[in-house]
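Participant: Pasting in a structure now, in C-alpha cells, and then I'll have a few things to ask.
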Amino acid sequence: MVPRCQVEVLYFAKSAEITGIRSETLSVPQEIKASQLWKEIEAHHPGKEVDEVEEKPKDIIKFTAEKLAVEEVSRLVISPLCGAISLFVGTTRNNFEGKKVISLEYEAYLPMAENEIRKICSDIRQKWPVKHIAVFHRLGLVPVSEASVIIAASSAHRAAALEAVSYAIDTLKAKVPIWKKEMYEESSSSWKTNKECFWANNK
C-alpha cells in the first residue's frame with residue numbers, strides 16, 4: 001500500500017473563483033510530484049477547469065504587394081495566455097554605401113518561400129514555448145520608411161518571444177528565397193544578396 005499524507009491546498013485569484021473555496025485538505029501519496037498533485041486537485045473538482053483554457057497555436061504566413069501594418073500583425077498573435085508580444089519590423093532605409101535609395105523591390109519564389117518559413121516556425125516551436133507566430137513579407141516596390149517584413153511572436157514570458165523573433169529574421173534572411181533590388185536616386189539599381197544567404201557564401 002502506498003503511504004499517504006495530508007496536504008493543505010490554498011487557492012488564490014482565479015483558482016479560488018473556479019473552485020469556490022480558499023483552501024482544502026487532500027489525502028495524497030506521500031512522494032507525490034507537482035504534476036500528479038494537480039491531477040488530484042482536478043479530480044476533486046470535476047467539470048471545473050482550474051487551469052487556463054487551451055488555445056491552439058497559430059502560424060500565420062503572408063506575402064503581399066499591399067502595405068504592411070504593424071498593428072494588424074501584432075493583433076494576430078495576441079493571446080490571453082501570453083504576457084509578451086515581440087516584433088521585428090524591417091523597413092527601407094534611404095541610403096546604401098553613399099548612394100541615396102528611393103525604394104526597394106522584392107520578389108520571391110513563393111512555394112519554396114512559404115515552405116521555408118513554415119520550417120522556421122516549426123524550429124522555433126522546438127526551441128521556445130511560443131504561442132502564436134506571424135511572418136508577413138511585402139513584395140514589389142517598398143518606399144523609404146515603409147515595412148518590408150514584420151515578424152511577431154507571443155509567449156507567456158518575454159524571453160521566449162524575443163529570442164524567437166531574432167531567430168526568425170536571421171534564418172529568414174539566410175534560407176528563404178527572397179530577392180531584393182535597391183533603386184537609387186540617380187536612376188540606377190542593383191540586386192542585393194543577403195550576406196547571411198547560404199547560396200551567396202557558396203559561390
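The values are calculated or read from the model by the stated rules, or taken from the named source; none is laboratory data. Keep in mind the model is a prediction, meaning the values are calculated, not measured. Glycine gets a Cβ as well: all are built from the backbone with ideal geometry, and neighbour counts include every protein chain shown. When the accessible area is computed, the model is the full protein with side chains, heavy atoms only, and any ligands, DNA or RNA have been set aside. Shrake-Rupley method; radii C 1.70, N 1.55, O 1.52, S 1.80 Å.
Participant: Can you pull out every residue in the range 31-46 that is within 19 Å of V2 (Cα to Cα) and not in a loop (DSSP other than H, G, I, E, B)?
Facilitator: Those that are within 19 Å of V2 (Cα to Cα) and not in a loop (DSSP other than H, G, I, E, B): A34, S35, Q36, L37, W38, K39, E40, I41, A43.
Participant: Continuing with the same structure: Here are some residues: A113, A69. Which one is modelled with pLDDT of 95 or more, exposed (fewer than 13 other Cβ atoms within 10 Å of the Cβ) and closer than 20 Å to R138 by Cα?
Facilitator: After applying the criteria, what remains is A69.
Participant: Across the range 168-188, which residue is surrounded by the most Cβ atoms within 10 Å (Cβ to Cβ) among those that are more than 18 Å from S145 (Cα to Cα) and touching an Asp or Glu at 6+ places or on another chain (Cβ under 6 Å)?
Facilitator: Per the criteria, the residue is V176.
Participant: Shifting gears a bit: Starting from residues that are over 18 Å from V142 (Cβ atoms) and hydrophobic (A, V, I, L, M, F, W, C), keep the ones in the range 72-81 and report whichever is least open to solvent (accessible area, probe 1.4 Å).
Facilitator: V77
Participant: Same structure, new question: When the residues of the range 82-103 are filtered to those that are touching a residue at least 60 places away in the same chain (Cβ under 8 Å) and among the β-branched types (V, I, T), which remaining residue is least open to solvent (accessible area, probe 1.4 Å)?
Facilitator: V101
Participant: Name the pairs whose Cβ atoms lie under 7 Å apart, with the first residue in the range 104-128 and closer than 30 Å to A84 by Cα, the second open to solvent by 50 Å² or more (accessible area, probe 1.4 Å) and among the basic types (K, R), and 6 or more positions between them or separate chains?
Facilitator: Close Cβ pairs (under 7 Å, with a partner that is open to solvent by 50 Å² or more (accessible area, probe 1.4 Å) and among the basic types (K, R)) amount to E116/K175.
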